1. Straight-line reach from residue 116: which aspartates and glutamates fall under 15 Å, measuring Cα to Cα and dropping same-chain residues less than 8 apart?
2. Take residue 79, project a point 7 Å from its Cα along the Cβ direction, then tell me which residues of region 170-199 have their backbone nitrogen under 13 Å from it.
3. Can you tell me, using C-alpha contacts under 8 Å and at least 6 residues apart, the relative contact order of region 55-205 as a whole percent?
4. Using 7 Å Cα-to-Cβ label points, what is the residue 230/residue 37 separation (nm, one decimal)?
5. Could you calculate the contour length gain from residue 214 to residue 141, that is, 0.36 nm times the residue separation minus the distance between their Cα atoms, to one decimal place in nm?
6. Determine how large the accessible area of residue 171 is when every protein chain is in place; take a 1.4 Å probe and give Å² rounded to the nearest 10.
7. From the cross-link list 24/73; 37/167; 24/216, which pairs have alpha carbons spaced over 23 Å apart?
8. Would you mind classifying region 79-225 by shape? Square roots of the alpha carbon gyration tensor eigenvalues, ordered a ≥ b ≥ c; an a/c under 1.5 is rounded, otherwise it is prolate if a/b is larger than b/c and oblate if not.
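The values are calculated or read from the model by the stated rules, or taken from the named source; none is laboratory data. Keep in mind the model is a prediction, meaning the values are calculated, not measured. Every residue, glycine among them, receives a Cβ derived from its backbone with ideal geometry; neighbour counts consider all protein chains shown. Note: accessible area is taken over every heavy atom of the protein model, side chains too, but ligands, DNA and RNA are not part of it. Shrake-Rupley method; radii C 1.70, N 1.55, O 1.52, S 1.80 Å.
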Amino acid sequence: MRQYIIIFSACLLSILAGSCSSLKPVSYADREWHISKHHGQIIDKDTTYRMTFGEVLIPDDMAIISCADSAAKYPGMERFIADILKTTGLQNDEVLFYSPAHGKIFVRLMNEPPAKRPSSLTANMQCLTLDKDNERPYTMWVYDDDVEDWHRRPGEMYTYTYFDRKKQRVLVVDFYDYGDIPIAQISVIQSRNKTTDRMQLPTQRQLWDFSKHNLKDYERDIEFWSHQIDGHRSNAFANYRIGRQQLKKDVTADENRNN
């Protein structure tokens with residue numbers, strides 16, 4: 001009997017060790033970021049990237065997770081991000097930064113994602129930079145019987161959604177081009193739980209202002225959760241537009257240097 005217990009314990013430890021090691025260490029772009037209150041944006045040191053969170057408040061003490069050292073300030077943060085990247089299939093890509101206050105992770109794609117049917121497809125995004133009232137992006141819902149090669153093209157955005165009742169989390173992932181750089185914008189809608197409380201972020205609003213709402217019982221608060229999810233597309237549109245502006249600025253600068 002004792003031998004069986006020892007064997008069972010060894011197997012259990014092996015399983016637990018395997019589950020812990022299955023999360024790949026997070027790869028960060030290690031860029032320095034600052035908040036521009038004039039623009040209401042987060043900007044990296046060499047201004048390659050400018051990102052907006054939309055028309056929302058930017059806390060003075062907001063956490064910006066952009067490297068291993070910044071993640072280490074908050075217990076469990078590294079694992080939290082690594083788990084999200086694994087769920088979304090982005091564990092081999094580079095995290096630009098994570099803003100817990102706004103529930104946004106921006107990831108630079110290092111390789112083209114494998115072909116996979118999205119939950120929705122938005123096309124004609126290039127018109128966002130044109131002054132034409134009669135043109136705008138349009139979104140199509142995707143169904144199981146839709147047949148495509150599912151490789152995203154320039155001017156398109158693919159959106160994927162993930163719901164984990166046990167972890168009390170919804171992830172909405174938008175793939176689009178920031179200028180000529182393919183990125184993923186992850187919207188993290190997370191209920192407060194023991195994992196989030198351990199991180200001890202500067203204020204409770206830094207990750208989950210959802211003390212009275214629980215995703216395990218999302219049916220009770222469908223309107224609330226719908227509101228949290230609803231802004232992801234307009235936020236992606238705004239950052240797509242900024243990326244195009246950045247690209248145009250870089251092209252103009254290169255032309256001026258060559259003249």
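1. Candidates past the 8-residue exclusion: 144, 145, 146, 148, 149, 156, 174.
2. Of the residues in region 170-199, 194-199 have backbone N under 13 Å from the label point off residue 79.
3. 24 percent.
4. 3.0
5. In short, 23.6 nm is gained.
6. Roughly 0 Å² of residue 171 is accessible to a 1.4 Å probe.
7. In this structure, 37/167; 24/216 lie more than 23 Å apart at Cα.
8. Verdict is prolate for region 79-225.
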